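One structure below.
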Amino acid sequence: MWTIISQPECPFCISAAKELDKENIDYQILDITDQENYWVRGLLSKAELKTVPQIFNDKGIRVGGYQQLMNYFNNVV
């Protein structure tokens, strides 16, 4: 299962989810504003990732943001 680290009303986060839907890829969304996901903010901070979305494939490898996701599909899938 893929993971999108997101925040509400983020247009690139929404677009990333739509692309994964289009590719029939299962994913979960971790909302960085959700208090239950406070550890996600710490993870992003520790990794010095300052923007959302941050997308990870089913192997846990960081794909990147929305543009990197599009490049991934154009080159890999």
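Miscellaneous remarks
- For the pair ILE14 and LYS46, a Förster radius of 22 Å applied to the C-beta separation gives a FRET efficiency near 0.25, rounded to the nearest 0.05.
- In Å, descending, principal axis extents of the Cα set of the chain: 33, 22, 20
- Accessible area (Å², per residue) of the chain, counting only protein heavy atoms and a probe of 1.4 Å: 67 Å²
- Annotation: for a label point projected 7 angstrom from Cα along Cα→Cβ of ASN57, residues of segment 1-29 with backbone N closer than 14 Å are 1-3, 25-26.
- Reachable lysines from LYS22, criterion Cα separation under 29 angstrom, eight or more residues apart if same chain: LYS50, LYS59
- Accessible-area composition of the chain, carbon plus sulfur, in percent [1.4 Å probe]: 49 percent
- Per-residue ellipticity at 222 nm computed for the chain from its helices equals -12000 deg cm²/dmol, with DSSP H segments shorter than 4 residues left out and the rest contributing -39,500 (n - 2.57).
- Cut-off under 5 Å, modelled amide H: who pairs with GLY64 long-range: ILE55
The values are calculated or read from the model by the stated rules, or taken from the named source; none is laboratory data. Quantities reported herein were computed from a predicted structural model and do not represent experimental measurements. Here Cβ is always computed from backbone atoms with ideal geometry, including for glycine, and neighbour counts include all displayed protein chains. When the accessible area is computed, the model is the full protein with side chains, heavy atoms only, and any ligands, DNA or RNA have been set aside. Shrake-Rupley method; radii C 1.70, N 1.55, O 1.52, S 1.80 Å.
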